[in-house]
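In what follows, a structure is listed as structure tokens, so that the remarks can point back to it.
The values are calculated or read from the model by the stated rules, or taken from the named source; none is laboratory data. Note that the structure is predicted; figures quoted are calculated from it, not measured. Because the Cβ atoms are built from the backbone with ideal geometry, glycine has one as well, and the counts that use them run over all protein chains shown.
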2 protein chains.
Amino acid sequence: MTMDARKQQVLLAIITDFITTAEPVGSRTIARRYELGVSPATIRNEMSDLEELGYIEQPHTSAGRIPSQMGYRYYVDFLMEKKKLSLFEVNKVNKGYENKVNQIGEVISNTGDMLSKMTQFTAVIMTPRIEMSSFKQIKLVLLSVKQAMVIVVMNTGALQSNLIEVPEDVNQVDLDMISNVLNAKLGGLTFENIKATLLREIYSEMSRHKNILDLSIDVIEKGMTLNREDKIYLGGVLNILNQPEFHNIEKVKTLLSLLEQEDMLRNLLENSDPGEGVAVRIGSEMEREEVRECSMVLANYHVDGQPIGTIGVLGPTRMDYAWVISVVEYMTKNLSVTMEKMFKGWR
Amino acid sequence: MTMDARKQQVLLAIITDFITTAEPVGSRTIARRYELGVSPATIRNEMSDLEELGYIEQPHTSAGRIPSQMGYRYYVDFLMEKKKLSLFEVNKVNKGYENKVNQIGEVISNTGDMLSKMTQFTAVIMTPRIEMSSFKQIKLVLLSVKQAMVIVVMNTGALQSNLIEVPEDVNQVDLDMISNVLNAKLGGLTFENIKATLLREIYSEMSRHKNILDLSIDVIEKGMTLNREDKIYLGGVLNILNQPEFHNIEKVKTLLSLLEQEDMLRNLLENSDPGEGVAVRIGSEMEREEVRECSMVLANYHVDGQPIGTIGVLGPTRMDYAWVISVVEYMTKNLSVTMEKMFKGWR
DNA sequence: GTTAGCACTCTATGACGCTGAGTGCTAACG
DNA sequence: CGTTAGCACTCAGCGTCATAGAGTGCTAAC
């Protein structure tokens, strides 16, 4: 026994129905709502086959069928028809990008909000990965007697600043000198490329100025810790509470506590890199137990052809993939363009 | 009929019991568990009185009694015995402050985490209010051709930075000049004190240098918007899901969505300023509908005798006030000391 | 004033049976 | 030989009902 056209039709009908109703769907319902031109009995036979093939399952004997994870996968890969965003929605998105184009954070959070509003699920956005960008410039600014600020500009335009303490006898001239050395040594390098050898080299160069040696190390260390600062933005977390599959407090708790732990979430995202285009990860295709009943639709956004971050939507496996994929696709494109514009302006 | 010693004992027993069990407590339970030396019947009589006085209520005829909001209030004001933190806990808190004393954000989030872990409720911390602090120094640093960074240092040591775009022909010398003017005019003033007149004054002074006029305005505006940047840190949000009163998804949703909206939360906090010492706000003593079944224990933390922020714990009205109050009190003291140390080091 | 006793109330729980949705099988049909 | 009508069967969900248990309020006795 193998998949044929009518089985596909039936599977499509089951999934379509289940996505909207969240109820197991029976043979009668399909016969009534979808015009397959056959009787419920025939559909029952097909369903029996589909179950044997593993595409659908039965919660209990006298219930209808629901799609299995494999069913969703088949649907996403072969059956689904992509939807197109309406003009109205396209306009709404474009409006969302008109203001506040000068702050990375604003763009990210705007995108996330729109994404969650349009899909009614939870939006997940990783801010631009700093590992992929290289140092462009490092500035050290003395603010008061013992306090200075490190400002690191990356080639992507990303910018990070941090406070450091400095010895009392350090003045701005010293700091400028240090910046110069750092710029010369580190300019154009990515964080990954900064090896211990290089640090030692800087160290020795600095050692001519004994009293600011410690400081230089401090700066590097700060820089390295800043490295891990790529944040994850979440939008519409509470949307999942509207989904019937999350009427159970325990499930809510496990999922929310996953979302609360940024490390885990980052891990999850990094382990399901979408590569090019939009990727769909269904249930246990993601490693973590907590999202076994969830799916993610994700895509990378790019600057200069380089993927610099990931954007995605997290919802129950029973989500409207066709719609969500279209939205993610469109938003990714827009986000890439917007980021590109911002970075171009800065370089 | 009026409150007397035995009624107090009974009320205390009811509240104590209800706090731990979350179940209505009956006369038998009290007679058994708390040694009042009287029979259940007598306690029933007292309970009847207490109900008439409004301190307790009955969910339904054949159930025990639960404290009313007024009952909790009476308990907090007159009956409760403050608990003391054990040496073990004091040590844990002190450890928490040992590292990372150089970043305000770290201190805040550390405090919040400890607070929520120790109380098992949700911790709410407002970062230092910037309105209360005055400008100490403003720096403008040119980063690239069209891009500069504004760094604002407040007298509290708080620090804010923001990116701005500048015209191409502006160089660091121009920026230094602007910083100087701004420092001269704004130094020592709080945000509140910056009036339109002052801005106009600066404006006119700047007008000598036509081409950087726009820039100056930009800087001020950025500064003003930075103003509203006092964030609210939340710790242990999911703890409330462990409370039996939040087994209902709808309640969870309303409360969480309140917490998600920073403006509302800020409003809530600002409307219940604790003043000196630790304040307790029970149920509808706070204005918002969403927290009618919650209480907050809050206190201000200080630098130089000035309250600069608020720290609090949010939980169901049925919380262990004695314990929570002690924890908040201790944490506030510690936070104040730590902040003071940080700011002293910076001034 | 306190307490034992008792009737009363009301929730929670579990058993029971019914209903309706849905299936799987079989036999008849084209 | 695929399709379908018919039918017996299964099972979750729901309402009903009776029971148990916790707790009260009242009364009368101490």
Checklist entry - Across the range A:234-257, what is the total count of residues that are facing another protein chain (nearest Cβ under 10 Å) and part of a loop (DSSP other than H, G, I, E, B)? => result 3
Next on the checklist: Based on this model, can you work out whether B:VAL101 counts as modelled with pLDDT under 95 and surrounded by fewer than 17 Cβ atoms within 10 Å (Cβ to Cβ)?
Outcome noted: yes
Checklist entry - Which one is surrounded by the most Cβ atoms within 10 Å (Cβ to Cβ) among residues in the range B:1-46 that are in contact with a Ser or Thr (Cβ under 7 Å, 6 or more places away or on another chain) and closer than 24 Å to B:ALA322 by Cβ? => result B:ILE43
Next on the checklist: For a quick check of your reading: which helices (runs of 4 or more DSSP H) sit entirely within the range B:1-93 and have at least 2 residues that are touching a residue at least 40 places away in the same chain (Cβ under 8 Å) and either in contact with a Cys (Cβ under 8 Å, 6 or more places away or on another chain) or within 14 Å of DNA strand D (Cβ to nearest atom) (or both)?
Outcome noted: B:5-21, B:40-53
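Just to confirm my filter: which strands (runs of 3 or more DSSP E) fall fully inside the range B:258-318 and include at least 3 residues that are charged (D, E, K, R) and surrounded by 18 or more Cβ atoms within 10 Å (Cβ to Cβ)?
Values: elements: B:279-282, B:294-303, B:306-316.
Result: empty, no element qualifies.
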Item to check | Test: residue in the range A:315-334 that is on the phi > 0 side of the Ramachandran plot and outside the structural domain of A:ARG73 (by TED's automatic domain parsing) | outcome: no
Item to check | Answer from A:THR317, A:THR338 - the residue that is within 27 Å of A:TYR97 (Cβ to Cβ) and either more than 14 Å from chain B (Cβ to nearest Cβ) or not hydroxyl-bearing (Ser, Thr, Tyr) (or both) | outcome: A:THR338
Checklist entry - Which number in (1) more than 23 Å from B:VAL327 (Cα to Cα); (2) more than 13 Å from DNA strand D (Cβ to nearest atom) marks the one condition that B:TYR97 misses? => result (1)
Item to check | Residues of the range B:121-141 satisfying the condition of being away from every other protein chain (no Cβ under 14 Å), surrounded by fewer than 22 Cβ atoms within 10 Å (Cβ to Cβ) and either modelled with pLDDT of 80 or more or in a strand (DSSP E or B) (or both) | outcome: B:THR127, B:SER134
